[in-house]
Amino acid sequence: MAEKKTLRQIARPFVAGGPSGVSVRDRLKGLTSEDDKVLRLVGAHMGRLASRDLARRCSDGLEHSTDTWAERKRDLTFESSSRWAGSVTSNTHDQWGLSRRAQWAHLESLDADIRTIRHRLSLPAGQKGGNRRPGGYRSAHEWFVKTRRLAILETRYEQVRAEREAGRVS
């Protein structure tokens with residue numbers, strides 16, 4: 001006779017606690033026209049600094065180092081404060097990294113599209129797909145149009161790959 005197994009104990013259900021941080025969802029109130037003017041001027045100034053720093057970070061490309069970061073921060077500190085300069089350089093560095101990741105994802109997407117089109121072009125027109133693979137194109141005209149699309153994708157892939165290897169982002 002088979003030995004009886006005991007059932008495992010199921011933990012008691014629970015509800016996760018709500019967010020513990022603070023969220024401010026309001027505008028500044030009671031601002032005078034002078035306050036508004038000052039805030040707009042500060043915003044415009046910091047925006048210019050951030051734009052300039054982002055352009056400088058992008059021009060550094062793959063040659064970026066902690067020394068170039070420190071130099072960028074020193075230059076920004078001259079026109080703002082150390083705290084704001086650190087925030088701006090950190091944010092622009094994050095933006096550059098995000099753009100690099102998006103560039104990589106774009107390359108992966110282009111590569112997948114190219115592989116799919118090449119596979120479908122290798123099959124006779126009208127052939128059914130199977131085993132989770134697409135079949136051939138429906139007609140000779142569609143096959144021809146996709147050869148043009150493949151050429152465009154391959155050209156774009158090479159452009160993006162060259163930009164990535166050079167450390168350029170958009």
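The values are calculated or read from the model by the stated rules, or taken from the named source; none is laboratory data. Since the structure is predicted, the reported quantities are computational estimates derived from the model, not experimental observations. Only protein heavy atoms, including side chains, enter the accessible area calculation; ligands, DNA and RNA are left aside. Shrake-Rupley method; radii C 1.70, N 1.55, O 1.52, S 1.80 Å.
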Exercise for the section: Kindly provide the Kirkwood hydrodynamic radius of the range 109-170 in Å, to one decimal, from all pairs of distinct alpha carbon atoms. Expected result: 12.8 Å
Exercise for the section: Round to the nearest 10 and give me the degree value, 0 to 90, for the angle of helix 140-166's Cα axis relative to the longest principal axis of the chain. Expected result: 40 degrees
Exercise for the section: Would you kindly calculate the mean projected area, averaged across all directions, of the convex hull enclosing the Cα atoms of the chain, in square nanometres? Expected result: 23.7 nm²
Problem - Computed over the range 88-143, Cα set: Rg, Dmax in Å - result: 18.5, 56
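If a/c stays under 1.5 just call it rounded; otherwise compare a/b with b/c (prolate if a/b is bigger, oblate if not). Do that for the range 16-100, with a ≥ b ≥ c from the square roots of the Cα gyration tensor eigenvalues.
Working: a/c = 2.55, a/b = 1.35, b/c = 1.89.
Oblate, since a/c reaches 1.5 and b/c is not below a/b.
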Practice task
For the range 2-97, give the percent of accessible area contributed by carbon and sulfur heavy atoms, probe 1.4 Å, rounded to a whole number.
Solution key: 56 percent
Handout entry: Mean Cα-pair separation over length for the chain, i.e. relative contact order, pairs under 8 Å, 6 or more apart, %
Key = 19 percent
Problem - Accessible surface, per residue, of the range 105-148 when the full set of protein chains is kept, probe 1.4 Å, Å² - result: 72 Å²
